[in-house]
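S.K.: The structure is given below, and queries will be raised subsequently.
No value in this document is a laboratory result; all are computed from the given coordinates. Model, not experiment: these values are computed from the prediction. Note that we place each Cβ from the backbone using ideal geometry, even for glycine, and neighbour counts take in every protein chain shown.
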Amino acid sequence: MWLTGDFDGDGRTDIFHAVASGDYAHIWISNGTGGFNVTTFRPWAGYAIPNGVWLAGDFDGDGRTDVFHAVASGDYAHIWTSTGAGGSFSVGTFRPWAGYAIPNGLWMAGDFDRDGRTDVLHAVAGTDYVNLWRSTGTAQFSVTSFSPWAGYAIPNGLWLPADITGDGRTDIVHAVQGTDYVHPWIATLVSSNPNPATTEVAVEGIEVTQAIQDMPHSVTLVSNRQTTARVYLGTNSPSAITVRGTLTVRNAATGTTTTVNSTANATVNPAQNGQLRPKRETLGSSLNFTIPAGFTVVGARQFTLMGVTNATTGSAITCTNCSTATRAVSFVNASSLRVRILGLQYTTGTPPNIVTNAPSNADFALLRSWLLRAYPVDQVIATQATINSTNAWPFACGNANTQLSAVRANDIAGGADAGKHSRYRQADPG
């Protein structure tokens, strides 16, 4: 196994040769004239080589190249931290958790959070996620998982680490096997920073939603409906900060833009850096913007966070990737949803205290409202009726669905439109 790097920190590239079937490595220290001074380093007797994945990088940020060895069939890695003394290393061990599978996929080195220390990205084979090992600088790592979307295929092609945005962070280009496209993974992480005077934020994601959405934006956006943009941020602040923001929306066809202020403050917690799910589940963890009606008409739009300020002091906060972390979406015309809503009426109690339970008009109205918000349609055209349940209380949703299916089958057999969908509403006696 051969690696290159500046192992003694003198500015010249050296060579690292881990000798197969040996327990040592030869380090070729460049003398700057085309020659090398070759030294030997052995971590301990019996150290197995190659036995896994080897990566070179500056994992402690001291300017000297170190070596990362993910041990095959183990659940740990050995980190060879260069001491700079003629090809010598201090070897430490890190285990993410018991049973961690190695190699089990692709491994890449890069500075994904721009803190000056090399991190490791492990694209886990046969899954839809990667594990990011963020170096703490002490031969240890903080390991988190990230999935672009459910079902993302890994490895499925060629993976290349590179800073394709030029912001100092390592990104990933995934050339998808058997296709004519690539998936660029743009790094949005921010490093930990003990100095609040140089606090920065970075956009980790922008979500444009009309009630239900996912981050790949597979849910259609309907024109002329109330629309909210949510911007998720990370920060290098040592503690949570409260921010406000300004968003620009651009009409891709006309080039016209509008600027929108966030509806409220957002709390950015560094403990949640790189974790979109908890931010999406809490409204106050994102900057939220109500999009003007004139920018929800049919057509393509581009959303860009233009500025972030400290909500307490009003001072501007540097956003390291606002200009590049944009979200493009399209608004389309949609068809109407025609639905028949059936309420199930049933009784509870025993004589003489029999109670009849049935959905109220408010129940029907709430269901129509939910359908309009949940489905990509421009309107809900609904008819409603209340029928007696064929099941005695208590009964479950499966029982109600069976009755609903039978009603629908009878309606279609009698000439009803098969394109009309049926829903039921059940009153809760509790």
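S.K.: Can you give me the angle between helix 361-374 and the longest principal axis of the chain, using Cα atoms only, in degrees from 0 to 90, rounded to the nearest 10?
M.R.: Tilt of helix 361-374: around 40 degrees.
S.K.: Using label points projected 7 Å from each Cα along Cα→Cβ, tell me how many nm separate residue 143 and residue 219, to one decimal.
M.R.: Using points 7 Å along Cα→Cβ, the separation is 3.3 nm.
S.K.: Also: Using amide H atoms built in the peptide plane, which far-off residues or other-chain residues are under 5 Å from residue 252 H to H?
M.R.: Those lying under 5 Å, H to H, from residue 252 are 300, 301, 302.
S.K.: Please work out how much length the chain gains when fully extended from residue 150 to residue 33, using 0.36 nm per residue of separation minus the C-alpha to C-alpha distance, in nm with one decimal.
M.R.: Gain in length upon complete extension: 36.8 nm.
S.K.: Could you please report the charge total around residue 257, scoring K, R as +1 and D, E as -1 over all other residues with beta-carbon less than 13 angstrom from its beta-carbon?
M.R.: Computed value for this residue: +2.
S.K.: I want the antiparallel fraction of DSSP beta bridges within region 271-409, as a percent rounded to 5.
M.R.: Around 55 percent antiparallel, to the nearest 5.
S.K.: At 0.36 nm per residue, minus the direct Cα-Cα distance, what do residue 410 and residue 370 gain on full extension? Give it in nm, one decimal, please.
M.R.: Gain in length upon complete extension: 11.7 nm.
S.K.: Once the dipole of the chain is set up with Lys and Arg at +1 and Asp and Glu at -1 on Cβ about the Cα centre, which of 188, 361, 139 lies farthest towards its positive end?
M.R.: 361
S.K.: If you don't mind, there's one more thing I want to ask. About its Cα centre, how strong a charge dipole does region 262-389 have in debye, to the nearest 20, once Lys and Arg get +1 and Asp and Glu get -1 at the Cβ?
M.R.: 220 debye
S.K.: May I pose another question? Taking the Cα centre of region 36-151 as origin, sum charge times position over the Cβ atoms of Lys and Arg (+1) and Asp and Glu (-1), and report the length of that vector in debye to the nearest 20.
M.R.: It works out to roughly 260 debye.
S.K.: OK, next. Which FRET efficiency value, to the nearest 0.05, do you get for residue 85 and residue 175 by plugging their Cβ-Cβ distance into 1/(1 + (r/R0)^6) with R0 = 30 Å?
M.R.: Once rounded, the FRET efficiency stands at 0.15.
S.K.: With both partners inside the chain, how many of the DSSP beta bridges are antiparallel, as a percent to the nearest 5? Write out the running numbers ahead of the final one.
M.R.: Details: 95 of 114 bridges.
For the chain, the DSSP antiparallel bridge percentage is about 85.
S.K.: Would you please give the FRET efficiency between residue 13 and residue 263, computed as 1/(1 + (r/R0)^6) with r the Cβ-Cβ distance and R0 = 60 Å, to the nearest 0.05?
M.R.: Between residue 13 and residue 263 the formula returns 0.70.
S.K.: What does the charge dipole of the chain about its Cα centre add up to, to the nearest 20 debye, if the Cβ of each Lys and Arg holds +1 and the Cβ of each Asp and Glu holds -1?
M.R.: That gives the chain a dipole magnitude of about 1840 debye.
S.K.: Under 4.7 Å Cβ to Cβ, no partner at all: give me those cysteines from the chain, in residue order.
M.R.: Cysteines lacking a close Cβ partner in the chain: 397.
S.K.: Nearest 10 degrees, 0 to 90: what angle lies between the long axis of helix 397-413 and the longest principal axis of the chain (Cα atoms)?
M.R.: The angle comes out near 60 degrees.
S.K.: Among 270, 290, 216, which residue has its Cα positioned farthest towards the positive end of the charge dipole of region 215-314, with +1 placed on the Cβ of Lys and Arg, -1 on the Cβ of Asp and Glu, and the dipole taken about the Cα centre?
M.R.: 216
S.K.: Among 281-290, 378-387, 198-207, what's the highest-first ranking by average C-beta atoms within 10 angstrom per residue?
M.R.: 198-207, 281-290, 378-387
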